[in-house]
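Below is one structure; the comments refer to it alone.
The values are calculated or read from the model by the stated rules, or taken from the named source; none is laboratory data. This structure is a prediction, so every number in the text was calculated from the model and none was measured. Note that each Cβ is placed from the backbone with ideal geometry, even for glycine, and that neighbours are counted across all protein chains shown. Note: areas computed on protein heavy atoms with side chains; ligands, DNA, RNA excluded. Shrake-Rupley method; radii C 1.70, N 1.55, O 1.52, S 1.80 Å.
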Amino acid sequence: MSVETTLLFILAGVAVVVAIRWIADRTGLPAAALLTLIGILYAVLPGPNIELEPEVVLTLILPPLLYNAALDSSLLDIRRNLRTVISLSVVLVLVTALLIGLGFSLWVAGATMAAGVALGAAVAPPDPVAALAVGKKVGLPHNIVTLIQGEGLLNDATALTLLTVAVSAASSGHFSFGHTVLEFIVSAGGGVIAGVVVAYANRASRPIQRDPLIANAISLSTPFLAYVIAEEVHVSGVLAVVVAGLIVGHDTPRLSSGASRLQVAAVWRLVDFLLEGLVFLLIGQQLPRVIDGLSEYKTSTVVIAVSITVGVVLLLRPLFLLVTQKLPTSMHARLGGDPEENAAKRDRALNGREITALSWAGTRGVITLAAAFIIPAKTDDGAPFPDLDLLLFCAFVVVLVTLVGQGLTFAPLVRMLGLRANKSDKARQRNEARSASVRAAMDRLEEIQQDEHDDADDQAIETMRKQLNHRLERYLRRIDLLDQSDSDEVPVSPQYEAALRVRRAVIDAQREELIRWRDTAMLDDEGLRVLERELDHEERLLPDRPRA
């Protein structure tokens, strides 16, 4: 394929991603499922397809996606929910892989345990992108979102580490449980250490990251550095990326400048949007490649293999979540909670509605297909890898069933379950935090006033005190309004909404006047960009509201 043709493919892909995002925003349908269906539709039409190269996905696409997800996650929330996150991302992945391996060895003619475990490792880790996109839009409670995020970050490392071990066993023909466990522990532990090392190296470089461009360059390089270092020493590169992202994300509010944070966050949003969209589009295009290799298998064999794989994936997750609730309190999966909550509420088990939502959030995606495609075509002795085409087809069916089936029905299910975040509590928490920050600023003003200063300082201090007092009064009124409301939704204040409309109208007027000055040659373009950036930052501080 020529460079021009490849460029046209990429541009067409970006156009489709943008169109689907526009449709998804207006219909509430998950973009990931829609893009996969578009990819399948394109795949069955005549013309060239782009094949998903696993090494490209694992080395160039997966690290930035995982790193950005880790940056947006909460290390503290994951630590509070660590028991459940580990239960889902390690124990459930291992059990899923072993059950599929056992099912293949017992009921699929000619299949080996190791080959089945390799498939199980590929299909075990849910890809939370589709579920989180829908869940956040419909207001899924924060704790459940945290569990889905935490599971999605760590399960990939578990699955890919297990896959490597299973492929090695299938290729060599030797399987040792003890050796497998030891290799898994070494790979996972080494990945954590590699991630910590990279995160602390990033922390050491913070003094030079005050420049937003340098900060962007280092941020974009960090996931690849973590992955390459870990893979070079033969430990889990995926886990290294996740650990580095969690630590860096936790450090960012304290150690980076405001300008750097704004620019880095904007760049990562764009990278994440384009990479995710193009990958899901490519998933659908792999259908012809997967189907081509099935001709040598009996229909009954294919049906049995698919039934075992899909059955374990769909049924084991809710069963596992239910069983963990029957264990002693110190062992069962729990929702965790905020530190301020009492112990009984914080340590409570998952209820039926939460189990249902978490079960339906187990969509599979790019990790599953990329993992399945890295299974080698040949074993160590040069023989074809056992049942490779059948394994690929089973993995694709699981992705299709979960990503499209569960993805399209997740939002209606969440609404039917009545699971909604308490927006009023979140708004109250944020306004109380804003009030506390303003009080801290006023205390600092008092300290400044006690130091030696002149009349100009007095005027500046008094002006700033008036601004802070006005801001504090606004936050306190907002808290009173929230306290008086009996609804879980954030109450609307007519005065506040009117103030927002006025501020937006004023900013629009200022921007229009600046453009008029530029158009009449009274202001050069460089000056326009500087002044417009000031207005853009002021507008960015306002909460999102639909334009009239």
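Positive-end ranking of ILE61, ILE461, LEU102 along the dipole of the chain, with charges on Cβ about the Cα centre, is headed by LEU102.
Both numbers refer to the Cα atoms of segment 378-445; Rg and Dmax are 26.3, 76 Å. Using θ = phi - 60° in the Karplus curve 6.51 cos²θ - 1.76 cosθ + 1.60, the 3J(HN,Hα) couplings for segment 205-215 round to 8, 4, x, 8, 9, 5, 6, x, 5, 5, 4 Hz; x is entered for Gly and Pro. For segment 65-222, the spread of Cα coordinates along the three principal axes comes to 60, 37, 25 Å, biggest extent given first. Against the empirical 2.2 N^0.38 Å scaling, what ratio does the C-alpha Rg of segment 1-121 come to? Scaled against compact globular proteins, the figure is 1.45. Spatially, segment 465-505 and segment 27-104 are offset by 40 Å when compared through their Cα centroids.
Between THR27 and LEU220, the modelled labels are 3.3 nm apart [label points 7 Å from Cα along Cα→Cβ]. In this structure VAL95 has an accessible area near 50 Å², from a 1.4 Å probe over the protein heavy atoms.
Work out, step by step, the length gained on full extension between ARG474 and LEU182: first 0.36 nm times the residue separation, then minus their alpha carbon distance; give nm to one decimal.
Numbers: separation 292, 0.36 × 292 = 105.12 nm, distance 5.83 nm.
Stretched out fully, the ARG474 to LEU182 stretch lengthens by 99.3 nm.
For segment 403-508, GluC sites (Glu not before Pro) are listed when DSSP marks them as loop and at most 16 other Cβ atoms sit within 10 Å of their Cβ; the list is GLU452, GLU489.
Along the chain, counting only trypsin sites (Lys or Arg not before Pro) with a DSSP assignment other than H, G, I, E or B and at most 11 other Cβ atoms inside a 10 Å radius, the longest segment between sites is 1-297.
Starting from the Cα of LYS298, move 7 Å in the Cα-to-Cβ direction to define the label point; list residues of segment 393-425 whose amide nitrogen is under 19 Å from there. Backbone N within reach: 394. A simple spin-label model places pseudo-atoms 7 Å from Cα toward Cβ; at ARG430 and LEU408 they are separated by 3.4 nm.
Solvent exposure of the chain amounts to 50 Å² per residue of accessible area, where only protein heavy atoms count and the probe is 1.4 Å.
Eigen-decomposition of the gyration tensor built on the alpha-carbon atoms of segment 397-518 gives equivalent ellipsoid semi-axes of 43, 24, 17 angstrom, largest listed first.
Carbon and sulfur together cover what percent of the accessible area of the chain at a 1.4 Å probe radius? The partial results should precede the final answer.
Numbers: 17200 of 27540 Å².
Roughly 62 percent, rounded to a whole number.
With the Cα gyration tensor of the chain in hand, convert its eigenvalues to equivalent ellipsoid semi-axes via √(5λ) and list them largest first in whole Å. Before the final figure, lay out each step's value.
On the way: eigenvalues 429, 154, 116 Å².
So the equivalent ellipsoid measures 46, 28, 24 Å along its semi-axes.
Spin-label model, ARG254/ILE515: points 7 Å from Cα along the beta carbon direction are separated by 4.4 nm. Convex hull of alpha carbon positions in segment 451-548: directionally averaged projected area 10.3 nm².
When the charge dipole of segment 204-333 is built from unit charges on Cβ atoms (+1 for Lys and Arg, -1 for Asp and Glu) and taken about the Cα centre, the candidate among ALA259, GLY311, SER300 whose Cα reaches farthest toward its positive end is ALA259.
For the chain, adding -39500 (n - 2.57) for each run of n ≥ 4 DSSP H residues and dividing by the number of residues yields -24500 deg cm²/dmol at 222 nm.
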